[in-house]
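This report concerns only the one structure given below.
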């Protein structure tokens with residue numbers, strides 16, 4: 001009986017080098033030669049929550065350099081790098097995802113947020129998922145940041161011409177009181193104001209449609225609102241921008257995020273909602289989570305851990 005051998009990286013590389021590659025033999029064409037491609041991937045993903053279809057739409061994605069300018073602003077660079085290494089992600093760049101969600105209740109198509117606008121692909125993602133913009137019955141704006149309202153109006157035309165529109169009264173009222181020449185109010189003037197006659201304004205606990213309930217989680221913005229989706233005893237929570245990175249925000253809820261307007265309130269909202277999700281083992285959809293943006297939360301020490309879904313919501 002031969003002894004068990006130990007495979008090391010060095011012995012594996014040496015063995016591979018000693019075996020001539022078939023493709024390297026003279027006279028054999030390289031049929032697999034092809035141009036290098038980008039990462040690719042799907043632009044929609046659908047799960048079942050009770051009787052409802054819940055579909056996430058990849059409006060866009062981008063790589064961002066120096067992420068500690070955005071996340072973990074209140075920790076030192078050594079801690080940020082260490083946490084990144086522990087989670088097998090680089091500390092000097094990150095990938096942002098922008099993920100609106102459409103819910104088909106069987107009676108209405110309800111779209112949550114509209115993406116980046118001219119630089120996004122919400123119409124393409126929606127069509128890939130089997131829907132058209134004119135079929136959207138309700139558009140819910142969770143908050144007024146540009147990557148959520150950008151797709152309301154594109155090239156001067158409403159993207160969802162037959163929809164009614166819903167947003168938090170606290171959110172809308174706050175931004176309309178700000179300097180009209182500042183960034184968000186200027187974008188609202190182009191994207192929200194042309195549709196304002198079709199908007200209704202809600203508060204915490206109000207219903208948007210059957211089985212869809214608003215849940216205030218302020219801090220990221222003054223009226224930032226989550227939405228609970230419930231059908232046939234099953235639930236999923238749209239956490240929107242509660243945590244904008246699965247490690248540097250979700251796992252460490254007290255790490256400050258540049259785009260959180262009230263950083264103390266945002267951290268308190270994160271801890272409260274993430275604790276509820278972990279305790280109830282409830283799935284969630286995060287607008288900036290790695291696509292398809294669905295996952296669960298587990299407790300880990302004083303923080304949390306993101307657990308992406310596999311097939312649980314497709315059974």
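Laboratory data are not the source of any read-out in this text; all were calculated from the coordinates shown. Keep in mind that this is a model prediction, so the values were computed, not measured. Every residue, glycine as well, gets a Cβ built from its backbone with ideal geometry; the counts of neighbours run over all protein chains shown.
Data overview
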{"item": "Distance between modelled label sites at residue 37 and residue 177, nm, 7 Å Cα→Cβ extension", "result": "5.2"}
{"item": "Options (1) 19; (2) 26; (3) 51 - which one matches percent of Cα pairs over 36 Å apart as calculated here", "result": "(2)"}
{"item": "Residue-averaged [θ]222 nm for the chain, counting only DSSP H segments that reach four residues, each worth -39500 (n - 2.57)", "result": "-6000 deg cm²/dmol"}
{"item": "Global size of the stretch 100-143 as Cα Rg and Dmax, reported in angstrom", "result": "10.1, 31"}
{"item": "Computed lengthening from residue 119 to residue 137, 0.36 nm per intervening residue step minus Cα-Cα distance", "result": "4.1 nm"}
{"item": "Spin-label model distance (nm) - residue 207 vs residue 155, 7 Å beyond Cα toward Cβ", "result": "4.0"}
{"item": "Distance (nanometres) between label positions extended 7 Å along Cα→Cβ at residue 189 and residue 310", "result": "5.3"}
{"item": "Residue 107-residue 216 FRET efficiency (beta carbon distance; Förster radius 41 Å; 0.05 resolution)", "result": "0.95"}
{"item": "Burial ranking of peptide ranges 156-166, 62-72 (average Cβ count within 10 Å, highest at the top)", "result": "156-166, 62-72"}
{"item": "Where only C-alpha atoms are counted, convex hull volume of the stretch 22-178 per residue in Å³", "result": "236"}
{"item": "Antiparallel bridges, percent of DSSP beta bridges restricted to the chain (to nearest 5)", "result": "75"}
{"item": "Between helix 9-18 and the chain: long-axis angle, C-alpha atoms, 0 to 90°, nearest 10", "result": "60"}
{"item": "Cβ-Cβ FRET estimate between residue 128 and residue 265, R0 fixed at 41 Å, reported to 0.05", "result": "0.65"}
{"item": "Neighbour-count ranking [beta-carbon atoms within 10 angstrom, fewest first] of 294, 299", "result": "299, 294"}
{"item": "Area projected by the alpha carbon convex hull of the stretch 178-266, averaged over all directions, nm²", "result": "7.5"}
{"item": "Highest-MSF residue in the chain out of 188, 276, 144 [GNM, Cα springs under 10 Å]", "result": "276"}
{"item": "Extension gain from residue 88 to residue 198, taking 0.36 nm per residue of separation minus the Cα-Cα distance", "result": "35.0 nm"}
{"item": "Angle in degrees between helix 263-280 and the longest Cα principal axis of the chain, rounded to the nearest 10", "result": "70"}
